[in-house]
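First the structure, in the form of structure tokens, and then the observations on it.
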Amino acid sequence: MRTITKIKDRKDIAESFFSKLRLAARGIFLTENGMIPLIFVSKDNYYKLPGGGVEEGEEEKRTLIREVKEDTGSNVKIRGEVGKIIEYRSKWKMKQISFCFWGEVISKGEPSFTEEELKDGFEIKWFTIKKALKLFKEVSVDDYHGKFVTERDFYFLREAEKLINKK
């Protein structure tokens, strides 16, 4: 999968500094009328794409289908790859590689957020990609994690928009 970009909060740290590796899968899935689900995290005022961590032995696409079902209640079909983004989070000594795919929403349902996600104010909202890109550009995020998420998912949305417009 093609690397879209690398995101770092510090440029002066060697790759060997990052002792934790996390793999994740994210997705951009369109309804028939061109809407995509985003998760709004009201506690820290940012939006994010549905998806989550790859469990040991799990394939990224399988992770994504499972996570989207949990995050949005939707059944989805993956149509293609968007790309991957590598994040270097020095505060947590973590390197994260997020794989992103695009596709379509087959059916909608209700999310099954964890107690922690509910405490963080998780809520599903539906937007066009164009409106989502505008939200990601305009949002002001102070949270360490939220800053990475916002930058990463903006890049994914921008790439997905290009790919989908070609189809």
(Q) Condition check: open to solvent by 10 Å² or more (accessible area, probe 1.4 Å), hydroxyl-bearing (Ser, Thr, Tyr) and touching a helix residue (DSSP H, G or I) at 6+ places or on another chain (Cβ under 9 Å). Does Thr31 satisfy that? (A) no
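For every residue, the table says whether it meets (1) open to solvent by 80 Å² or more (accessible area, probe 1.4 Å); (2) under 14 Å from the mean Cα position of the chain (by Cα); (3) basic (Lys, Arg).
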residue: Ile97; (1), (2), (3): no, yes, no
residue: Cys100; (1), (2), (3): no, yes, no
residue: Asp120; (1), (2), (3): no, no, no
residue: Arg152; (1), (2), (3): no, yes, yes
residue: Glu161; (1), (2), (3): no, no, no
Q) Hey, does segment 61-77 have a residue that's at pLDDT 95 or above, in a helix (DSSP H, G or I), polar (S, T, N, Q) and crowded, with 18+ Cβ neighbours inside 10 Å? A) yes
Q. In segment 28-60, how many are assigned to a strand (DSSP E or B) and either among the basic types (Lys, Arg) or touching a residue at least 40 places away in the same chain (Cβ under 8 Å) (or both)?
A. 13
Q. Of all residues in segment 49-100, which are in contact with a Gly (Cβ under 9 Å, 6 or more places away or on another chain) and of a type in the set (Asp, Glu)?
A. Glu67, Glu70, Asp71
Q.
Being under 16 Å from the mean Cα position of the chain (by Cα) and open to solvent by 60 Å² or more (accessible area, probe 1.4 Å) is the filter here; which residues of segment 43-54 pass it?
A. Asn45
Q) Is it fair to say Val105 is among the β-branched types (Val, Ile, Thr), assigned to a strand (DSSP E or B) and crowded, with 18+ Cβ neighbours inside 10 Å? A) yes
Q: With the checklist (1) open to solvent by less than 50 Å² (accessible area, probe 1.4 Å); (2) under 22 Å from Tyr144 (Cα atoms); (3) of a type in the set (Asp, Glu) in hand, flag the one item Glu58 doesn't pass.
A: (2)
(Q) Need the failing condition index for Val41 against (1) in contact with a Cys (Cβ under 8 Å, 6 or more places away or on another chain); (2) under 21 Å from Lys131 (Cβ atoms), just the number. (A) (1)
(Q) Looking at segment 109-161 only, could you name the residues that are of a type outside the set (Gly, Ala, Ser) and part of a loop (DSSP other than H, G, I, E, B)? (A) Glu110, Pro111, Phe113, Thr114, Asp120, Thr128, Val139, Val141, Asp142, Asp143
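The values are calculated or read from the model by the stated rules, or taken from the named source; none is laboratory data. Keep in mind that this is a model prediction, so the values were computed, not measured. Note that each Cβ is placed from the backbone with ideal geometry, even for glycine, and that neighbours are counted across all protein chains shown. For accessibility, only protein heavy atoms count, side chains too; no ligands or nucleic acids. Shrake-Rupley method; radii C 1.70, N 1.55, O 1.52, S 1.80 Å.
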